[in-house]
Amino acid sequence: MPVPLLDLSQQHDALRPQIDDKVLEVMRSGKFILGQYVEEFEQKLASYHNAKHAIGVSSGTDALLLSLMALGIQPGDEVITTPFTFFATAGSIARLGAVPVFIDIDPKTFNLEHQNIEAAITHKTKAIMPVHLFGLPANMGPIMDIAKKHNLKVVEDAAQSIGALYTDKMACTLGDCGCLSFYPSKNLSCMGDAGAIVTNDDDLAAKLRQLRNHGMDGEYKYINIGGNFRIDAIQAAILSIKLDQLDAWTNKRIMHAHRYNRHLEDIAVATPHEYEYRKHVFNQYTIRVHGGARDALLNHLNANGIGARVYYPYPLHTEPCFEYLKYNPGSVPNSEQAATEVLSLPVYPELTRQQQDEVIACIKDFFLSE
Ligand SMILES: *Cc1c(COP(=O)(O)O)cnc(C)c1O
């Protein structure tokens, strides 16, 4: 039986009557742009985070872009981030004419290594953009200390980490703001594209809301140059229903992850690191395969119908579009090594014990027959 990397059909089948009714209701209401369904979702999302504000936007990518715009990032400003992430993290910086400054990761967590930050700060540095990769919060305590000391803004890329905790604080509420994605592969997903920004800063929230709607403040009064970054009302309505299930789904992801940990203990792979004070929500369950065997294991799993995948095969400083930044190979060695060793396994909530056993057996079979 094939085991996909992700299967949303069961999740949606279970909620189908509720979602179908709600989508029809929105369609009949004629309230398609902002309005009641968006406000309802934003309030629910803010209260889920124990935060003052949540602003629904068109995607996770736009959440990042809009956050940097609202924080006043200008062409030539430098934003420190990780090269071991999805493209949009650095893409959003570069689209504003600002400069993504890639620093290396902590090889244990795959997250930005805070000890590398201060050496990268110049008079042009304006912000830090940590990514809570795979669902594990970056080390936000020291990152915020450095940000305060140097008067830098912090935008959390929490696209993969809704519901994660750092000490007793929700991801998205540690920096100036946090960005969420509801792309179908994320822990809370919609039926298309959507995202959100969470913040406790009243002024920032007001600016985000204004810029999301072209920078308009009052009828045809454009205070700033914004854009159309609005969340779709239908997606907001679907997300309101799905948010109620999120914690139950997250608990299942964690349960699957811990079961993988136990079964892969005596196999030559490194399982994900976890910490008492950081709650990992396992958007991906990512192992590290040493000794150059990653691609062979990936092929073995895929040949046996198991949807394992590499996130991410190329660190961003090696991408053609970032050639102009002139990073040399070897400049961020931990990121480069991670890209050759990581492998993500199916960990979605509805994964059955039998399916998981198949994944485990297939991995064991690979190492035993080597
Ligand atoms: C998914 C993702 C994004 C972008 O979100 P979209 O909703 O697809 O635009 C940004 N950063 C990270 C780390 C992501 O995983």
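The values are calculated or read from the model by the stated rules, or taken from the named source; none is laboratory data. Please read these numbers as outputs of a predicted model, since none were measured by experiment. Note that each Cβ is placed from the backbone with ideal geometry, even for glycine, and that neighbours are counted across all protein chains shown.
Please enumerate the residues belonging to segment 19-77 that are among the basic types (Lys, Arg), in contact with a helix residue (DSSP H, G or I) (Cβ under 8 Å, 6 or more places away or on another chain) and assigned to a helix (DSSP H, G or I).
Within segment 19-77, LYS22, LYS44 qualify.
If only one of ASP157, ASP202, ASP106, ASP145 is within 24 Å of GLU274 (Cα to Cα), among the acidic types (Asp, Glu), surrounded by fewer than 21 Cβ atoms within 10 Å (Cβ to Cβ) and in contact (Cβ under 8 Å) with a residue 24 or more places away in the chain, which one is it?
Going through ASP157, ASP202, ASP106, ASP145 in turn, the sole match is ASP106.
Determine whether segment 218-227 contains at least one residue that is part of a strand (DSSP E or B), touching a strand residue (DSSP E or B) at 6+ places or on another chain (Cβ under 8 Å) and over 26 Å from PRO346 (Cβ atoms).
Yes, that holds for at least one residue.
Of all the residues that make up segment 42-76, how many are within 27 Å of MET27 (Cβ to Cβ), more than 19 Å from the chain's Cα centre (by Cα) and not small (Gly, Ala, Ser)?
2
Looking only at residues in segment 319-340 that are charged (D, E, K, R) and farther than 13 Å from THR82 by Cβ, which one is nearest to the chain's Cα centre (by Cα)?
Taking the candidates together, the pick is GLU319.
Output the strands (runs of 3 or more DSSP E) that fall wholly within segment 136-209 and possess 1 or more residues being among the aliphatic types (A, V, I, L, M), away from the ligand (no atom under 13 Å from the Cβ) and more than 14 Å from the chain's Cα centre (by Cα), or say none.
153-157
Of the conditions (1) within 16 Å of the ligand (Cβ to nearest atom); (2) touching a residue at least 40 places away in the same chain (Cβ under 8 Å), LEU112 fails just one. Which one is it?
Every listed condition holds for LEU112 apart from (2).
Given (1) of a type outside the set (Lys, Arg); (2) surrounded by 22 or more Cβ atoms within 10 Å (Cβ to Cβ); (3) more than 16 Å from the ligand (Cβ to nearest atom), identify the lone condition not met by ILE55.
All conditions pass for ILE55, except number (3).
Do we find a residue being of a type in the set (S, T, N, Q), touching a strand residue (DSSP E or B) at 6+ places or on another chain (Cβ under 7 Å) and part of a loop (DSSP other than H, G, I, E, B) anywhere in segment 238-245?
No, segment 238-245 contains no residue that is of a type in the set (S, T, N, Q), touching a strand residue (DSSP E or B) at 6+ places or on another chain (Cβ under 7 Å) and part of a loop (DSSP other than H, G, I, E, B).
Mind listing whichever residues of segment 76-92 are closer than 20 Å to SER331 by Cα and within 16 Å of the ligand (Cβ to nearest atom)?
VAL79, ILE80, THR81, THR82, PRO83, PHE84, THR85, PHE86, PHE87, THR89, ALA90, GLY91 - these are the residues of segment 76-92 that are closer than 20 Å to SER331 by Cα and within 16 Å of the ligand (Cβ to nearest atom).
Checking PRO329 against (1) at pLDDT 95 or above; (2) within 26 Å of THR89 (Cα to Cα); (3) surrounded by fewer than 19 Cβ atoms within 10 Å (Cβ to Cβ): exactly one of these is not met. Which one?
(1)
Which is at pLDDT 95 or above, more than 15 Å from the ligand (Cβ to nearest atom) and either over 15 Å from LEU180 (Cβ atoms) or of a type outside the set (Lys, Arg) (or both), of HIS132, HIS123? Give the derivation first.
Numbers: HIS132 fails: more than 15 Å from the ligand (Cβ to nearest atom).
None of the other options fit; the residue is HIS123.
Okay, residues lined up against (1) part of a helix (DSSP H, G or I); (2) more than 16 Å from the ligand (Cβ to nearest atom); (3) touching a residue at least 12 places away in the same chain (Cβ under 8 Å); (4) not acidic (Asp, Glu):
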| position | (1), (2), (3), (4) |
| --- | --- |
| ARG262 | yes, yes, no, yes |
| ILE267 | no, yes, yes, yes |
| ALA296 | yes, yes, yes, yes |
| ASN299 | yes, yes, no, yes |
| PHE322 | yes, no, yes, yes |
| PRO329 | no, yes, no, yes |
| THR340 | yes, yes, yes, yes |
| PRO349 | no, yes, yes, yes |
